[in-house]
1. So, in segment 21-31, exactly how many residues are open to solvent by 100 Å² or more (accessible area, probe 1.4 Å) and at pLDDT 95 or above?
2. Is it the case that S38 is open to solvent by less than 50 Å² (accessible area, probe 1.4 Å) and farther than 20 Å from E10 by Cβ?
3. Of the residues F53, F70, only one is open to solvent by 10 Å² or more (accessible area, probe 1.4 Å), in contact with a Lys or Arg (Cβ under 6 Å, 6 or more places away or on another chain), under 24 Å from G11 (Cα atoms) and not hydroxyl-bearing (S, T, Y); which?
Amino acid sequence: MTIRFVTGNEGKVSEAREYFEGIASVEQVQYDYTEVQSDSLADIATHGARETFEALESDEPVIVDDTGLFVDALGGFPGPYSAYVEDTVGVERLWRLASEEENRRARFRTVLVYADADGTETFEGSVAGTLVAPRGEGGFGYDPIFEYNGATLAEMSTEEKNAISHRGRAFAAFAEWYADNER
Ligand code: ITT
Ligand code: NA
């Protein structure tokens, strides 16, 4: 099996390659699908997966991953706007904003959508943690400020991150479904 992962994010691809090692090969597809205006990760990923599958005019299925960081004390901000906030404000300043709050709990959520000629299937994963001052050199994005069980995601190996992360959990749900539904 080849998984065609539609993303511009190399970090996501590395995590998929590690997770599916020995199970499937992961091919990165760069396709600039329309990001619909929605506060739902599932809507964004579903539209993206369907549009890309149709545009590629191939029978090969694709997957799209839309992820957000939801900070409790900030009403779930930046959530579906996480990429925009990373590009504009940056990770360090999001941490400074959160550091003014007593409650530093946050959650990563990933919605993974698989699309083929029969339609789409949606898988989700999330992880709860605490925001901290940046630590660690691994991972990408908000990983240095997200602590889980005493370590930031940027202090974990890819394998360790996959074992507990939002994306790793979404991969697990997808892999379980795919094993029974290869089509
Ligand atoms: P694609 O849409 O091309 O897949 P992206 O980086 O724009 O790549 P998202 O919209 O899903 O992906 O990501 C939203 C933001 O959250 C973006 O700033 C990412 O860097 C960040 N992010 C996503 N997954 C993450 C993870 O596992 N750890 C830390 N930050 C993450
Ligand atoms: Na994106």
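1. Start the filter on segment 21-31 by keeping residues that are open to solvent by 100 Å² or more (accessible area, probe 1.4 Å), which leaves 21, 23, 30.
Subsequent filtering for residues that are at pLDDT 95 or above retains 21, 30.
Residues that pass the stated criteria total 2.
2. Details: open to solvent by less than 50 Å² (accessible area, probe 1.4 Å): yes; farther than 20 Å from E10 by Cβ: yes.
Yes; evaluated as a whole, the condition is true for this residue.
3. On the way: F53 fails: in contact with a Lys or Arg (Cβ under 6 Å, 6 or more places away or on another chain).
From the options F53, F70, the qualifying one is F70.
The values are calculated or read from the model by the stated rules, or taken from the named source; none is laboratory data. On a predicted model such as this, the values are computed, not experimentally measured, just so you know. All Cβ positions, even for glycine, are placed from backbone atoms using ideal geometry, and neighbour counts span all protein chains on display. Remember, those area values only see protein heavy atoms, side chains included, never the ligands or the DNA or RNA. Shrake-Rupley method; radii C 1.70, N 1.55, O 1.52, S 1.80 Å.
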